[in-house]
1. Which one of the conditions (1) at pLDDT 95 or above; (2) within 30 Å of A:L144 (Cα to Cα); (3) crowded, with 24+ Cβ neighbours inside 10 Å does A:R409 fail to meet, given that it meets all the rest?
2. If I filter segment A:38-52 for residues that are under 29 Å from A:L381 (Cα atoms), of a type in the set (A, V, I, L, M) and open to solvent by less than 30 Å² (accessible area, probe 1.4 Å), do I get at least one hit?
3. Among B:V29, B:V33, which is the only one that is more than 7 Å from chain A (Cβ to nearest Cβ), in contact (Cβ under 8 Å) with a residue 12 or more places away in the chain and not hydroxyl-bearing (S, T, Y)?
4. Does B:R355 count as basic (K, R), touching a Pro at 6+ places or on another chain (Cβ under 7 Å) and under 21 Å from A:A96 (Cβ atoms)?
5. Mind listing whichever residues of segment A:128-141 are open to solvent by less than 20 Å² (accessible area, probe 1.4 Å) and part of a loop (DSSP other than H, G, I, E, B)?
6. Could you identify the single residue in B:T177, B:T163, B:T220 that is modelled with pLDDT under 95 and among the β-branched types (V, I, T)?
7. Given the conditions (1) touching a residue at least 60 places away in the same chain (Cβ under 8 Å); (2) open to solvent by 10 Å² or more (accessible area, probe 1.4 Å), and given that B:S288 satisfies all but one, which numbered condition is not satisfied?
8. For A:S104, indicate whether it is part of a loop (DSSP other than H, G, I, E, B), open to solvent by 10 Å² or more (accessible area, probe 1.4 Å) and within 10 Å of chain B (Cβ to nearest Cβ).
There are 2 protein chains.
Amino acid sequence: MESQDFRDFGKFMIDYVADYNESLREREVLPNVQPGYLLNLLPKQAPEVPESWKDLVADIENKIMPGITHWNSPHFHAYYPTANSYPAIVGEILSAGIGCIGFSWIASPACTELEMITMDWLGQLLGLPKEFLNSDRGPGGGVLQGSASEATLVGLLASREITVSRIKEHSELDEGTIRSKLVAYTSDQSNSSVEKSGRLGSMLMRLLPTDDNCSLRGETLLKFIKKDIEDGLIPCFVVATLGTTPTCAFDNLDEIGPICKEYNIWLHIDAAYAGAAFVCPEYRYLMSGVQHADSFNFNPHKWLLVNFDCSALWVKDARHLTEAFNVERIYLADNKKGTVPDFRHWQIPLGRRFRALKLWFVLRLYGAEGLRTYIRRTIELANNFRKFIEEDERFEIAVESKMGLVCFRLKGENTLTEKLLGKLMARRKIYVIPGAYKDKFLIRFVVCSRYTIQDDIDFAWNEISTQASDIVKSINHQNGETISIPKLLQKPGEMTKKIKILEMDNDKQNSTFAIE
Amino acid sequence: MESQDFRDFGKFMIDYVADYNESLREREVLPNVQPGYLLNLLPKQAPEVPESWKDLVADIENKIMPGITHWNSPHFHAYYPTANSYPAIVGEILSAGIGCIGFSWIASPACTELEMITMDWLGQLLGLPKEFLNSDRGPGGGVLQGSASEATLVGLLASREITVSRIKEHSELDEGTIRSKLVAYTSDQSNSSVEKSGRLGSMLMRLLPTDDNCSLRGETLLKFIKKDIEDGLIPCFVVATLGTTPTCAFDNLDEIGPICKEYNIWLHIDAAYAGAAFVCPEYRYLMSGVQHADSFNFNPHKWLLVNFDCSALWVKDARHLTEAFNVERIYLADNKKGTVPDFRHWQIPLGRRFRALKLWFVLRLYGAEGLRTYIRRTIELANNFRKFIEEDERFEIAVESKMGLVCFRLKGENTLTEKLLGKLMARRKIYVIPGAYKDKFLIRFVVCSRYTIQDDIDFAWNEISTQASDIVKSINHQNGETISIPKLLQKPGEMTKKIKILEMDNDKQNSTFAIE
């Protein structure tokens, strides 16, 4: 493809993306396709000769779009948001157009330095302690990762190596034995990626019980630490969550932090979703105790308008990362000591995209003010939805949640809410997913899209409310009472293992829930 | 930013990227900046109020571009290529514009299915055994990863878990002891990311010696495996490289494969760079034995025109990945059994970009024919460069290499070639990096850019040849003979630890070499 063709094709795609975004409210948020739909639509082999871009784009609307779940639709209320903004998209274009791989300073000085600068901008916007900033004199700093999963794993692996080194100095245990005795802790509310990090890093990851607010408390952590030490194990790593996936709960850092310090445990904070809210000073009380953390991570690619992937990780002492990850080789040499880091030693992979560009674009074109406005509007809309729930006596708030999340259910047996969810999924007007709090089945409603306005909240409530009426009506009709549930649907235990959607178009299509 | 502003800004950026690509030959390939240059140019804090995109773009050319190493310049001959093509850039725009996170089928059916399809297209183009294809009836398949580093780590972690399970069944060793006894093997020529994967996965990674062609042979591997078993260790994982980073050497799969089979060892093939060449049937003899592999990886984002990140991994039995990585939770449920995989269980992170789009764009708009033409042209240009070296009696081929790489040096002492490299780096007309073969210091010359034409090869040769003349002349002048070397430059050992550039503009700027 020559340059002129690219100009035409690229500008066509800009218009296509703008048109797509403008059409989001009109598109059904969930696709109406069966597994394998695309496998049957596309050829089995790559074309032998080049096709024209005009043939290609015809397939996008006809074949790809019918299979897209529209994460940026104002009717998307599932999972947590994935960020999408025009400045970030343009940042991606420039990043791809330059196409450098910033694994060392010389591999593109601007790539490393812009990342240092924008991570400091971001850290300051959040009010992080200055020990985390690249510009601070100490050994801390911020770096972009691909995902919160990677950030957690980076923390876990670094903690593993420094703990092994420390224990080796004061113990007669051999290294293999030490490694086999390491333990990590997180709450039973933490994201699946936290448990996965333990599995990937060969470290026992305990999922600790939480209090009535789904928050991990110091007392609980301390109890397990002491028991493990008694049993000859070695506490190594704690992941505290600010804004859990199920209910947006906040672990108690003020209690957890000093315990980690006392027991020489690396404290990692996973604020993947809620971290964005700290750009607003009024929410910073929720990160009280952050000064105790060894590492802090949140995803601008969730709720801060920078397209995936852009996960921000700050560490208090980056030497622990470089010591754990730096592989010395003939061909690897420091580019320059002291002032500029080699970020390849701060992450799992060697290669790195120029991700700082899209972050820079977003920070400059929204400004701090624009970001705060965006966060506050999301929370206000969620509160407006919460009021609908509270004012309708058929419904209840299933568990208190914060930020852009509302967890609700129909009063009574779980199967009512299960059936409601099934109807909503079958109709595909809005996309919500299930959750569970203690034994209660619930529906998570998240304000996700930056396009969401009050009309969309009204639309969602109308949809939910109407479908709920049908359920209550049909049960009334069958049994002559309000909340008795058909026997067929009562299978306790089933629910928590796998949530089966009851009224999908096709039997083969089972439930489809994963929460990031 | 509103939609209309995006249309303007986006189209401006399309033109900017096209103009940038058209200007690549005129830009100096290496930046002329000092560490910290950008830190001093940009504000210390994010702006409070939104800026206009026109202010932003002024900074791109004035502040960012002076700090870019132009990886797609036809004068870039360092590392290995990083892919960049117009179709891939437009694919990135669409991917960002849709902004879905394809961690399960329902999270965007097209995202999973297009990846299945394009990975099969690609696997067939390379001539991979059908067991690796998604469409095959068996448990194999292909998936996109972010980097070869991650692909290697995925293989290592999966091998670790299945080996631990197997040994536990037949042994009285406890799990911690088993884990501490696992061993992995690779050649001393493999990429640094292979050694890093061992460190990340807590597995001893032996770097085995290679033969005179830098190839790992079966005999060597077998010797180390037997010794380790004698010593009570447990061989677990082998990484064979097709196209090593230093010299583009090929390990001997026909010998290595059966040994891995006999000893129940997972064989992973890292063909990060050279794998792309297998789209041309005439190079497939170099992957003879590929049928023995458990996993095979190469980077379309290196030499197959798909922008970073796009690393293709095929496995023969994906169940080993899902068993190792699948974290069951209340909220995680299979979307549908059997026909469509949940790719989140095939990788480290949970989230996934819609990377298949750019791969699809490249495959359709280049066609198989276009890709083959591109690969063959690269190799032809490298051969033309090789001829220049061979025909000039001051130079020698330092070690035989294949594909787009030529490893050359000035005849005689290493310091001559070191000095030549120093001059080239100081002048910044072309970008090459050092290598070492046995005790010989060498310069790696890679045809990287898709814009490179014969004129650029001539240009590079002229630059190298001219600078070499200066060196030889000055030595002649000092000592009255051709290849004696100033004492000052003779520091054996120094070279292999860190290669210091001799004639940089600024003393503080030391060597800056990392090879992906």
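The values are calculated or read from the model by the stated rules, or taken from the named source; none is laboratory data. Everything quoted here is computed from the prediction, not taken from an experiment. Methodologically, a virtual Cβ is constructed for each residue, glycine included, from the backbone with ideal geometry; neighbour enumeration extends over all protein chains shown. Surface areas here come from the heavy atoms of the whole protein model, side chains and all, with no ligands, DNA or RNA. Shrake-Rupley method; radii C 1.70, N 1.55, O 1.52, S 1.80 Å.
1. Going through (1) at pLDDT 95 or above; (2) within 30 Å of A:L144 (Cα to Cα); (3) crowded, with 24+ Cβ neighbours inside 10 Å one by one, A:R409 breaks only (2).
2. Among the residues of segment A:38-52, not one is under 29 Å from A:L381 (Cα atoms), of a type in the set (A, V, I, L, M) and open to solvent by less than 30 Å² (accessible area, probe 1.4 Å), which makes the answer no.
3. Answer to the check: B:V29.
4. no
5. A:L128, A:L133, A:G140
6. That would be B:T177, the only listed residue that is modelled with pLDDT under 95 and among the β-branched types (V, I, T).
7. (1)
8. So A:S104 fails the test.
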